Amino acid sequence: MNHMKTNKTSRRKFLSSASAIAIGSVAFGFDLPDTSSQKKSKEEIFKQLDELVDKYLPVFGTCSQTSFHALNETFNLKADIVVKALASFPGIAFRGETCGAVSGCLLGIALVYEENNPEIKPNQRLSRTPSINFCSKFESEFGTTRCRDVIGHTTGKRYSISKPEDYELLSRDGVFKHCPGVIKKALHDAAEIILEKA
């Protein structure tokens, strides 16, 4: 059996890299999102996001793709290609690390807040504070942004998750039935932050 060598990375470094990807996407060809035309109430937006989770989580099968797709469609982020790129983001390559709902929402927030200017210095990033606020809200609800610990929080059980095969056990134990609620809560928090910019 051929085992791929994986390099460990810190969660902070990963999240910084993910934000850089979103910013680079804007800088190198994506149109800026059009959130100014949003005419729906916050409650209507939450309802739309919830419906998109119910519709697309069974299609994508990942929290990262589902969460970003819902934001992309609801706020017209014009970044369909990012959905495909998020396929391996649940738990950061299915290792129980950062929750995919967090990754997907952070990418959406960055696309809304960042400007199409690659020369902005890291300490001038416009998505920095909104992203920190999002993570703080998520942590206040679930105690963490780490997938394996969110699972522990929502199920009351601890699982060892370090490789993709471990997700098969989670599936057999019915753990993923808790994911829609986590994704919806993350999306509501992200939507509130996006609406502050709109």
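The values are calculated or read from the model by the stated rules, or taken from the named source; none is laboratory data. Just so it is clear, the structure is predicted and the values come from calculations on it, not from any experiment. Glycine also receives a Cβ, built like all others from the backbone with ideal geometry; neighbour counts cover every protein chain displayed.
Which residue out of Ala101, Ala110 is in contact (Cβ under 8 Å) with a residue 24 or more places away in the chain, more than 30 Å from Arg158 (Cα to Cα), part of a helix (DSSP H, G or I) and out of contact with any Gly (no Cβ under 8 Å at 6 or more places or on another chain)? Exactly one residue qualifies, and that residue is Ala110.
For segment 160-180, give me each residue that is part of a helix (DSSP H, G or I) and either out of contact with any helix residue (DSSP H, G or I) (no Cβ under 8 Å at 6 or more places or on another chain) or modelled with pLDDT of 90 or more (or both). Those that are part of a helix (DSSP H, G or I) and either out of contact with any helix residue (DSSP H, G or I) (no Cβ under 8 Å at 6 or more places or on another chain) or modelled with pLDDT of 90 or more (or both): Glu168, Leu169, Leu170, Ser171, Arg172, Val175, Phe176, Lys177, His178, Cys179, Pro180.
Scanning segment 180-198 finds no residues that are farther than 20 Å from Ala70 by Cα, surrounded by 16 or more Cβ atoms within 10 Å (Cβ to Cβ), out of contact with any Cys (no Cβ under 8 Å at 6 or more places or on another chain) and small (Gly, Ala, Ser).
Taking the condition of a type in the set (Gly, Ala, Ser) and farther than 21 Å from Lys39 by Cα, does Ala85 pass? Yes.
Looking only at residues in segment 126-145 that are at pLDDT 95 or above and either of a type in the set (Gly, Ala, Ser) or not in a helix (DSSP H, G or I) (or both), the one that is surrounded by the most Cβ atoms within 10 Å (Cβ to Cβ) is Ser131. Of all residues in segment 115-135, none are among the acidic types (Asp, Glu) and closer than 19 Å to Val102 by Cβ.
The conditions of being out of contact with any Pro (no Cβ under 6 Å at 6 or more places or on another chain) and closer than 23 Å to Glu51 by Cα are not met by Ile120. Mind checking which residues of segment 113-125 are in contact with a Lys or Arg (Cβ under 9 Å, 6 or more places away or on another chain) and part of a helix (DSSP H, G or I)? Answer for segment 113-125, where residues must be in contact with a Lys or Arg (Cβ under 9 Å, 6 or more places away or on another chain) and part of a helix (DSSP H, G or I): Tyr113, Pro122. So, Lys157, is that one of a type outside the set (Phe, Trp, Tyr) and either assigned to a helix (DSSP H, G or I) or buried (at least 20 other Cβ atoms within 10 Å of the Cβ) (or both) or not? No, not satisfied. Within segment 152-190, being β-branched (Val, Ile, Thr) and in contact (Cβ under 8 Å) with a residue 40 or more places away in the chain holds for Ile161, Val182, Ile183.
Residues checked against (1) within 17 Å of Glu168 (Cα to Cα); (2) surrounded by 24 or more Cβ atoms within 10 Å (Cβ to Cβ); (3) in contact with a His (Cβ under 6 Å, 6 or more places away or on another chain):
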| residue | (1), (2), (3) |
| --- | --- |
| Thr62 | yes, yes, no |
| Thr66 | no, yes, no |
| Leu71 | no, yes, no |
| Phe75 | no, yes, no |
| Val83 | no, no, yes |
| Ala87 | yes, no, no |
| Ile92 | yes, no, no |
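When Gly96 is tested against (1) closer than 21 Å to Phe142 by Cβ; (2) assigned to a helix (DSSP H, G or I); (3) touching a Lys or Arg at 6+ places or on another chain (Cβ under 6 Å), only condition (2) is not met.
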